[in-house]
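Working notes, beginning with the structure itself.
The values are calculated or read from the model by the stated rules, or taken from the named source; none is laboratory data. As the structure is a computational prediction, the values presented were derived from the model and not from experiment. Using ideal geometry, Cβ is built from the backbone for each residue, glycine included, and neighbour counts are taken over all protein chains shown. For accessibility, only protein heavy atoms count, side chains too; no ligands or nucleic acids. Shrake-Rupley method; radii C 1.70, N 1.55, O 1.52, S 1.80 Å.
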Amino acid sequence: MQTVKKIYVSLIFLFLYAPIGTLIVLSFNASKTRSKWGGFTMQWYASLLQDEVILDALTTTLLIAFLSALIASVIGTIAAVAMNGMKRRTRTLLIGVTNIPMLNADIVTGISLMLLFISIGLRFGFGTILLSHITFNIPYVILCIMPRMKQLNPSVYEAALDLGASHITAFFKVMLPDLMPGILSGFLMAFTMSLDDFIITHFTKGAGIDTLSTKIYTEVKKGIKPEMYALSTIIFVTVLILLFLVNKTPDKKEKTN
Amino acid sequence: MQKELIKLEHISKSFDGQMVLDDLDLNIHENEFVTLLGPSGCGKTTTLRILGGFVNPDNGRVIFDSRDITNVPPNKRHLNTVFQKYALFTHMTIADNIAFGLKIKNKPKSYIDDKIKYALKLVNLEGYEKRMPDSLSGGQQQRIAIARAIVNEPKVLLLDEPLGALDLKLRQEMQYELIRMKNELGITFVYVTHDQEEALTMSDTIVVMNQGYIQQIGTPESIYNEPENAFVADFIGDSNIIAATMIEDKLVEILGVRFACVDTGFGIRKPVDVVIRPEDVELTAPEEGTINGVVTHLIFKGVHYEMEVMANGFEWLVHSTQLTPVGTKVGIRVDPFNIQIMNKPESEDEEAVALEL
Amino acid sequence: MSSSMKKLHSLYTDKSGKGKLLAAPYVFWSAFFIIIPLCMILYYGVTDKTGAFTLQNITAIASIGHARAFWRSLLLSVVSTVICFLLAYPLAMILSGMKEKKHNFIILIFILPMWMNFLLRTLAWQTLLEKTGVINGILSFFKLPSLRIINTPYAIVLGMVYNFLPFMVLPLYNALSKIDENVINAAKDLGANKIQTFFRVIMPLSIPGIISGVTMVFVPALTTFVISTLLGGSKVLLIGNVIEQEFTQASNWHLGSGLSIVLMIFIILNMIVSALLDKED
């Protein structure tokens, strides 16, 4: 039974990671077509550094992801704190609204935002992408903070006040540190979602600006540039190394569990 | 004594290389209320889980009704468990919870309905059939957990710290309830707890455990009055445990002073430990006692005063209904009958037990 | 001390609701970027180019081309959801039953692929599935018939399952890990065998996870236009493709909005069914 389980889990992971392996292999493929192996090469990594179109898209993608995750974290944190103090009915309503972008289809969210931006006459570009990404990121941040918020012991905040801290000090020194793990995972979640988004960006970007996703989509028909494979390999390996380093540092929490 | 129902033979179990039970032997009789008592990590819960079939022992056999059930899965054993924190099925009504085991056994509906009624009556929760577990208080959920187990008419009911999550008053109430239920059902209860008071109140037999070993088996009275070693003495109630020397039969030297006692057979000039319960220490006027001392601490405890008396380099714990202010010079006297002599730990394991203190 | 901080405290310690100021930014944001945009879809959906009220955009779903695309979307998304569920449930059971619960690590493993662009990952399946691709290479090595599913609905289902499987696994894993081990032990203790324990206790207790997993797979699968574009060639048109084209190529926003409303109706239907299922317990 144990071996059956192991085989099953391994097969699922093979299924999940096979395309990633394929892409990494393709990034070293000397042949320009996907379907043929033309020998090992590093040339796509070299030409990637010269490819301004891709590098531009990369910069836009990272900037959007970082800014939208940051702003969503701030708004989401304040929202979570505010929601916690609300009457039950108001809170349920607001949580319901918050869930809409997560439960709704991306295509509908994308279209709805596109219609909004058109009707208020906003020029499509970096700004509209950023606004859209903040909008679909906030729910993830709130989702990550809320459970921590519920665990919070109100007496701790009161104890800080009792010991002479001002409300500002009490918030920043007592409440915020307690919420921090939630905020951080919310930020990371938002960053990842933003990075991986295509559909909503597709409808809200306008001409003349591209994220990596939209760039790849336009390239699908004429063939993906191998530099794209090189870039995504670099991104993936970087994240992998970062995660490995984070996991290597001893985690006190893990041990007390 | 009733007929033997359960025999644990040479049971050993380790988790991740850590020995939890070491060569444990235990006999449980029909219609007996047995309590496994000990600090956390002593192996009491593991013993219960081995009985329930949730843990397989590394070595040894479990005999139930003269049948070897060591490798019988839990669903094929004729005993039922009341779990820590109740473990009710939150997605079912109270009635469905109680009916669970009977439905599995394909009992007829009328039989099941009767059983539910009977069980709810037994646990004093009539009319709760349609409620959901989440809408009940902790004490009520506990009763449902008991009802769910007993409708299957097990020969043995295993209870894993069932009162641990309840507050003090409710706990005391439930202790009486449990004794009443046991008498009504006439079955064997095996009860796990770390609460010595619970054990003393309810049990016919107490099994004191520590670090995977049984320290002592006996009635509540014998466990309390005649602890066999320092661990038991310390774990059950407060006590003065003092290193002493057995001069000869019925004479022991404690803190350099000779006391008469009643124990024999410890040899001559043998180092021993003595246990004296605080309520057995009598305070007298100075010079009238066996040792002289001074009261150093005094706390009012309601029923009695708790005092510490410094005498011959040892702080004696004393319970007395008489107020004796701090600083009073007193004498200490102990009735020979109340001096309990214990052998010093010999083996390494016993040493480990002693170090725990 | 700033007044907003004072308010923060008052709303945090006593639930008097004085802290509306603090909630204001988010309430404003969600009204402006969530509610109003949805209202705009509704507006566009029930008007024509002159702004007059019409239901044509919505009834257009019944026209042969649209109905076929919609039916195909529904079929493929249901099939994908079922496959995801069947694959994910045993996996979630195994993962939640692991002795050392490395909760974060397991979640990480499923999120990690997202750091490689999802379009590229989906495209990689083309390479794997091609006539002379890796998978057919392995199949022919074992003398098995080769797989020709690229540019067919089968490839789209594969793409959906691949992309959305994590969204099924994680909620199931979450729900199953939360089940107290003693509740399962209690079922066994009361005489239930493995199968009875599963269907009477484990499965019912994991319903919240099943519901959110099904929703998180079904909705994106029903509405996708990317996976069909990437793996279906241009041969298989889904309702998502139709809507996307109305917005980006045909520029008939009214029709696109009308069809989106139909989609939303199905999403809401799915949620209602889920909510009802959840209540039954």
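Scanning the stretch A:83-94 for residues that are facing another protein chain (nearest Cβ under 8 Å) and free of Cβ contacts under 8 Å to residues at least 40 places away in the same chain turns up A:Gly85, A:Met86, A:Lys87, A:Thr90, A:Leu94.
It is to be established whether one or more residues within the stretch A:29-41 are closer than 18 Å to A:Ile224 by Cβ, more than 13 Å from chain C (Cβ to nearest Cβ), part of a loop (DSSP other than H, G, I, E, B) and modelled with pLDDT of 90 or more. There is no residue in the stretch A:29-41 that is closer than 18 Å to A:Ile224 by Cβ, more than 13 Å from chain C (Cβ to nearest Cβ), part of a loop (DSSP other than H, G, I, E, B) and modelled with pLDDT of 90 or more.
When C:Asn136, C:Asn182 are checked against the criterion of being within 14 Å of chain B (Cβ to nearest Cβ), without any contact (Cβ under 8 Å) to a residue 60 or more places away in the chain and either surrounded by fewer than 17 Cβ atoms within 10 Å (Cβ to Cβ) or out of contact with any Gly (no Cβ under 6 Å at 6 or more places or on another chain) (or both), a single residue qualifies: C:Asn182.
For every residue, the table says whether it meets (1) surrounded by 17 or more Cβ atoms within 10 Å (Cβ to Cβ); (2) within 9 Å of chain C (Cβ to nearest Cβ); (3) closer than 24 Å to C:Ile195 by Cβ; (4) among the small types (Gly, Ala, Ser).
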{"site": "B:Val55", "(1), (2), (3), (4)": "yes, no, yes, no"}
{"site": "B:Val62", "(1), (2), (3), (4)": "yes, no, no, no"}
{"site": "B:Asp65", "(1), (2), (3), (4)": "no, no, no, no"}
{"site": "B:His91", "(1), (2), (3), (4)": "yes, yes, yes, no"}
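Taking the criterion of being within 13 Å of chain A (Cβ to nearest Cβ) and exposed (fewer than 12 other Cβ atoms within 10 Å of the Cβ), the only residue of the stretch C:35-77 that qualifies is C:Gly51. Just one of (1) open to solvent by 50 Å² or more (accessible area, probe 1.4 Å); (2) more than 7 Å from chain C (Cβ to nearest Cβ); (3) polar (S, T, N, Q); (4) in contact with a helix residue (DSSP H, G or I) (Cβ under 7 Å, 6 or more places away or on another chain) fails for A:Thr128. It is (1). The set of residues in the stretch B:205-257 being open to solvent by less than 30 Å² (accessible area, probe 1.4 Å), in a strand (DSSP E or B) and not hydrophobic (A, V, I, L, M, F, W, C) consists of B:Thr205, B:Asn210, B:Gln215, B:Gln216, B:Gly218, B:Asn240. When C:Thr47 is tested against the conditions (1) in contact with a strand residue (DSSP E or B) (Cβ under 9 Å, 6 or more places away or on another chain); (2) modelled with pLDDT under 90, the lone failure is (2). If you check B:Leu166 against the conditions, is it over 12 Å from the mean Cα position of the chain (by Cα) and crowded, with 22+ Cβ neighbours inside 10 Å? No: the conditions fail for B:Leu166. For the stretch B:293-304, indicate whether the set of residues that are crowded, with 17+ Cβ neighbours inside 10 Å and either hydroxyl-bearing (Ser, Thr, Tyr) or closer than 30 Å to B:Phe33 by Cβ (or both) is non-empty. No: zero hits. For the stretch A:95-119, a residue qualifies if it is part of a helix (DSSP H, G or I), open to solvent by 10 Å² or more (accessible area, probe 1.4 Å), facing another protein chain (nearest Cβ under 7 Å) and closer than 26 Å to A:Ile183 by Cβ, and the qualifying residues are A:Val97, A:Ile100, A:Pro101, A:Leu103, A:Asp106.
Counted as qualifying within the stretch B:1-98 are the strands (runs of 3 or more DSSP E) with 1 or more residues that are closer than 30 Å to B:Lys117 by Cβ, namely B:4-15, B:33-37, B:59-64, B:79-82.
Against the numbered list (1) open to solvent by less than 10 Å² (accessible area, probe 1.4 Å); (2) under 23 Å from C:Ile107 (Cβ atoms); (3) among the β-branched types (Val, Ile, Thr), C:Ile207 comes up short only at (1). For beta carbons closer than 8 Å, sequence separation of 6+ or different chains, a first residue in the stretch C:163-178 that is within 12 Å of another protein chain (Cβ to nearest Cβ) and at positive phi and a second that is part of a helix (DSSP H, G or I) and crowded, with 23+ Cβ neighbours inside 10 Å, there are no qualifying pairs. On the stretch given as the stretch A:172-226, residues that are among the aromatic types (Phe, Trp, Tyr) and free of Cβ contacts under 8 Å to residues at least 60 places away in the same chain total 3. Filtering the stretch A:182-195 for residues that are loosely packed, with under 15 Cβ neighbours inside 10 Å, within 12 Å of chain C (Cβ to nearest Cβ), in contact with a helix residue (DSSP H, G or I) (Cβ under 8 Å, 6 or more places away or on another chain) and of a type in the set (A, V, I, L, M) leaves an empty set. What about B:Glu279, is it assigned to a loop (DSSP other than H, G, I, E, B), of a type outside the set (Val, Ile, Thr) and in contact (Cβ under 8 Å) with a residue 40 or more places away in the chain? Judged against the criteria, B:Glu279 is not a match.
Taken over the stretch B:29-68, the residue count meeting the criterion of being touching a helix residue (DSSP H, G or I) at 6+ places or on another chain (Cβ under 8 Å) and of a type in the set (Val, Ile, Thr) is 3. The residue that is nearest to A:Leu58 (Cα to Cα), among those in the stretch C:112-157 that are touching a helix residue (DSSP H, G or I) at 6+ places or on another chain (Cβ under 7 Å) and among the small types (Gly, Ala, Ser), is C:Ala124. Consider B:Val275 carefully, then state whether it is open to solvent by less than 20 Å² (accessible area, probe 1.4 Å) and of a type outside the set (Phe, Trp, Tyr). Answer is yes for this residue.
Any chance the stretch A:11-20 includes a residue that's more than 12 Å from every other protein chain (Cβ to nearest Cβ), surrounded by 12 or more Cβ atoms within 10 Å (Cβ to Cβ) and farther than 30 Å from C:Lys194 by Cβ? So far as the stretch A:11-20 goes, no, none of its residues is more than 12 Å from every other protein chain (Cβ to nearest Cβ), surrounded by 12 or more Cβ atoms within 10 Å (Cβ to Cβ) and farther than 30 Å from C:Lys194 by Cβ. Screening B:Phe54 with (1) modelled with pLDDT under 90; (2) in contact with a strand residue (DSSP E or B) (Cβ under 9 Å, 6 or more places away or on another chain) gives one miss only, at (1).
Evaluated against (1) within 12 Å of chain C (Cβ to nearest Cβ); (2) not in a helix (DSSP H, G or I), A:Gly164 falls short on exactly one condition, (1).
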